[in-house]
Amino acid sequence: MNLDELYQEVILDHYKRPRGAGLREPYEGESHQVNPTCGDEITLRVHVADGKVADVSYDNVGCSISKASASVMYELINGTTVDDALAKLAEFTELMNSKGQSEGDEESLEDAVAFAGVSKYPMRVKCALLGWKAFQDALVRAEASIPGRTDA
Amino acid sequence: MEAASKLDVEAIRADFPILQRRIGDKPLTYLDSAATSQKPVQVVEAMRHFTDHSNANISRSVHTLGSEATEAYEGARAKVAAFIGAPSPDEVVFTKNSTESINLMAYAFQNAAFDPAADPRFKLGPGDEVVVTEMEHHANLIPWQQLCQRTGATLKWIGITDAGRLDLDTVDEVITERCKVISFVHVANLLGTVNPTSQITRRAREVGALVGLDASQSVPHLPVDVTELGVDFIAFTGHKMLGPTGIGVLWAKADLLAAMPPFLTGGSMIKTVTMEHTTFADAPAKFEAGTPPIAEAVGLAAAVDYLDKLGMANVRSHEKELAGYMLDRLETVDGLEIIGPRVPIGRSATVSFTFEGVHPHDVGQILDAEGIAVRVGHHCAKPTCARFGVNATTRASGYLYNTHEEIDRLVEALGQVRKVFG
Ligand SMILES: Cc1ncc(COP(=O)(O)O)c(C=O)c1O
């Protein structure tokens, strides 16, 4: 097994210096997700304003893969439109399900392509997706709580 | 090298083909026997021979194969009974695993709650108490927790000291006259603690409570004699003691089994059946509804033979020595903290630890790259994790086939972890 492929510099860097970490106000949706096999946990909040992801804030414990993934996600979706964020979510999920067959589009996924190697390790894919799952869930909750939005 | 070991580990290793495997270009270092042990050729061969030669359903046919299969199955029961010092094979109930064995006990209480004629020892309701410990595997916690929720009884537990031992000073306080049953772990799967039993069994007698052991991690590793232990029931599981998956054991005193309502019902557990009513067979058949794990019982019997031949006292002394070596060597690793007893006394060769700044998942991944199999996570003992303020640990667990050299490899690989996450 090639460890360097899994633990890329980018991943270790995000793990050691997570971007956007900590829980912040205001927010409309919050989600708590756990990975029952290993005890990784994340609480994540989404603040939506004018069709944009105005803030994503989170507090998590877990392995390098799950923590780095949340940090990379923050960089990718914070400040983008909700639609763009959902597109990234779909793209990243597809990359994680690629079983090592995809390199990912760096143009669109930026640092998140570093996780391509993780897709070869089924036990770790769940770690990489934990933050994204929390985002998806928090967004649904946020949109449900925003009056006038029915297309969510 | 293994001066103090009473086992010929090299010869033993030759019986386990999987130990020759390579993970990538590294030799396999299997340190996850607390999750499941590897199986020697003798076990696999016994199951294969039975399947190729005598396979049939038991107790249902007069043909030759049927009687051979019945004999093999009942022979396995007798072997297991002798192995744990049970007065009679009829006290040995085959189940699917420890989890089912413990549920079978818990459901005896729950089912008794619906039966006005039930034995008073199994009657449980508001005001009654059930006692476990804080170091249980979920398998010996949740069935009792659920039982209490459903019957209105109160669940209590004995805590853990900072050193990873049961807080036995509180035994008299926790176990009161209201207590009906105490079920506690003999050897803890996360902490590696070997719990002394006499104080708890004595207190159980004083208050008239039933007392049982989750022996999942003790029967495979040390001499267990149910009569000497003075308990009412024990549960253990085949796959942790060189046997196959799919078979477990509940041992309980004959008079308890006679008084307990059945758990699963259906074929093979009846005396007579009409459309309105059924009378049940005597134990152990009463608790073995449906076709049991027959080939697995044959495999378990072969595992018992294997362990018997080595001698459980020798297995124990090998592991005691191995535990000492593991503790010594792991203590030398910078940033490593052992969760559980730090001395090889009253301790198994299962050692959990945290590694400063590195999540167990990452530790496990890097060790795997070195061919080393350990378990990471909460080990189905979340309350134990919470007690020590951790989410997860890395756990290395040794068995009769592990060597010092493998521990050295583990310690060296932990240096590799430091390098990646340094
Ligand atoms: C102490 C203890 N109890 C119960 C179990 C459950 O065993 P099984 O999964 O075979 O039912 C285990 C094994 O994981 C264990 O270590």
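All of the numbers you see were taken from the coordinates with simple rules; none came from a lab. What you see is a predicted model, and the numbers here were worked out from it, not measured in a lab. When we count neighbours, we look across all protein chains shown, and the Cβ atoms used for this are built from the backbone with ideal geometry, even at glycine.
Key figures
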| read-out | value |
| --- | --- |
| Dipole magnitude of the stretch B:135-248, debye to nearest 20 (Cβ charges: Lys/Arg +1, Asp/Glu -1, about Cα centre) | 320 debye |
| Cα long-axis angle, helix B:198-207 against chain B (0 to 90 degrees, to the nearest 10) | 30 degrees |
| Considering only chain B, percent of DSSP beta bridges that pair antiparallel, nearest 5 | 60 percent |
| Subset of A:88/A:120; A:126/B:156; A:133/B:240; A:120/B:240; B:240/B:419 violating a 28 Å alpha-carbon distance limit | A:126/B:156; A:133/B:240; A:120/B:240; B:240/B:419 |
| Anchor residue B:271: lysines whose Cα lies under 19 Å away (excluding residues fewer than 8 positions away in-chain) | B:286 |
| Coil-residue GluC sites (Glu not before Pro) of the stretch B:239-346, DSSP, other Cβ within 10 Å capped at 14 | B:276 |
| Rg and Dmax of the protein assembly as shown, Cα atoms only, in Å | 26.6, 80 |
| Length added when fully stretched, residue B:78-residue B:305, from 0.36 nm per residue minus Cα-Cα | 80.5 nm |
| At least 18 Å along the helix axis (C-alpha) and Kyte average at least -1.0, DSSP helices within chain A | A:64-77, A:82-96, A:122-145 |
| The protein assembly as shown - mean residue ellipticity at 222 nm from DSSP helices (-39,500 (n - 2.57) per run, n ≥ 4, rounded to 500) | -12000 deg cm²/dmol |
| Trypsin sites (Lys or Arg not before Pro) within the stretch A:94-124, DSSP loop, no more than 11 other Cβ atoms inside 10 Å | A:99 |
| Sparsely packed chymotrypsin sites (Phe, Trp or Tyr not before Pro) within the stretch B:84-133, loop by DSSP, other Cβ within 10 Å at most 15 | B:114 |
| Value of Rg/Rh across the stretch A:3-145 [Cα atoms, Kirkwood radius] | 0.94 |
| Given charges at beta-carbon only (K, R positive; D, E negative), |dipole| of the stretch B:53-141 in Debye | 260 debye |
| Selection from B:222, B:112, B:307 lying farthest towards where the dipole of the stretch B:45-308 points positive, charges on Cβ | B:112 |
| Full-extension gain in nm, residue B:68 to residue B:255, via 0.36 nm per residue minus C-alpha separation | 64.4 nm |
| Rounded Å value of the spacing that divides the Cα centres of the stretch B:361-422 and the stretch B:252-323 | 33 Å |
| Efficiency of FRET between residue B:44 and residue A:16 - r from beta-carbon atoms, R0 60 angstrom, step 0.05 | 0.80 |
| Cβ-based net charge around residue B:161, under 11 Å, with every Lys or Arg adding one and every Asp or Glu removing one | -2 |
| For the stretch B:45-308, diffusion coefficient by Stokes-Einstein and Kirkwood Rh (Cα), 37 °C, 0.692 mPa s, µm²/s | 173 µm²/s |
